[in-house]
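Here, each number is a calculation from the coordinates, and none is a lab measurement. None of these values were measured; they are calculated from a predicted model. No Cβ is skipped: glycine too gets one built from the backbone with ideal geometry, and neighbour counts run over all protein chains shown.
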Amino acid sequence: MTQIAIVLYPRFTALDLIGPYEVLRMLPDAEVRFVTHEAGPVVADSGVLLIGATHSFDETPSPDLILVPGGPGCFGAAKDEKLLDWLRAVSPGAQWTTSVCTGSVVLAAAGLLDGLRATTHWSSLAALSLYGVTAVPDERIVRAGPDERIVTAAGVSAGIDLALWLADEIAGTKKAEAIQLAIEYDPQPHLDSGHRSKASAGTITASTLLLSRDVHKPEVLKLSTQLLWDRTLAKVRSRR
């Protein structure tokens, strides 16, 4: 049995966890848990979609695979000591500790990426650097840590790539390929601006404005500013 713990917190980005969930739930003998403080609904960044947490952190002391999604709520999650303590406690015994998008900021806040390479959404690479993490802007999946068992994925859709890579590692290539075909994952977009290196300046500006709709909500802005201040102070004090 492979117990998979997918972390929930308010204002997560839905595809960050739903994409990997659709892949990982097809693994042989997989038990998927959506975990947070207590079982019940958690609201995504849209304010409309709800995902039900099935288990609490306390009920999930030894998962085999941990996945932390991103989203504008990551700044609040990065200050959630209950969540951070749980990650610190369960990660050493897990086979894989993973993140999608800005979920890596939460891993960094828990101290799990200290001195390591990691990736995240292109708009939050600087946030990783505040934690002393070597931010990697041009790799879709980054493996690091002891035995490379800490794995971070870039923004949103990279979570599906991460999950298929994990399926390959856990169940073998044939099973992973079967899962890939089952979800018909064969990306062929008619557009080609999915990475900053391919996007025009105007597209980057427009994309940044789209993202700011969530990030600039008062409660999110307050948390992100506070987190930035805390990390800046910590870096200054460490130099003394």
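Remarks
- Taking the Kirkwood radius as Rh and the Cα radius of gyration as Rg, the range 2-187 has a ratio of Rg/Rh equal to 0.93.
- Highest-MSF residue in the chain out of H195, H37, H55 [GNM, Cα springs under 10 Å]: H195
- Antiparallel DSSP beta bridges within the range 2-187, percent to nearest 5: 25 percent
- Of D64, D147, D192, the residue with the greatest mean-square motion in the GNM of the chain, using alpha carbon springs below 10 Å, is D192.
- Considering only F75, M26, H37, the residue lying farthest towards the positive end of the dipole of the range 1-91 is F75, judged by Cα position with unit charges set on Cβ.
- When +1 charges are put on Lys and Arg Cβ atoms and -1 charges on Asp and Glu Cβ atoms, the dipole computed for the range 2-187 relative to its Cα centre reaches about 260 debye.
- Of the residues T2, A154, A94, the one whose Cα sits farthest towards the positive end of the charge dipole of the range 1-157 is A154 (charges of +1 on Lys and Arg Cβ, -1 on Asp and Glu Cβ, taken about the Cα centre).
- Note on the chain: Lys pairs 8 or more places apart or on different chains, Cα atoms under 30 Å apart, count 9.
- Calculated mean residue ellipticity, 222 nm, the chain: -12500 deg cm²/dmol, from DSSP H runs (n ≥ 4) at -39500 (n - 2.57) each, averaged per residue and rounded to 500.
- When the chain is treated as a GNM with alpha-carbon contacts under 10 Å, the residue of G115, G47, G103 showing the greatest mean-square fluctuation is G47.
- Mean separation of Cα contacts under 8 Å (6+ apart) over length of the chain, as relative contact order %: 18 percent
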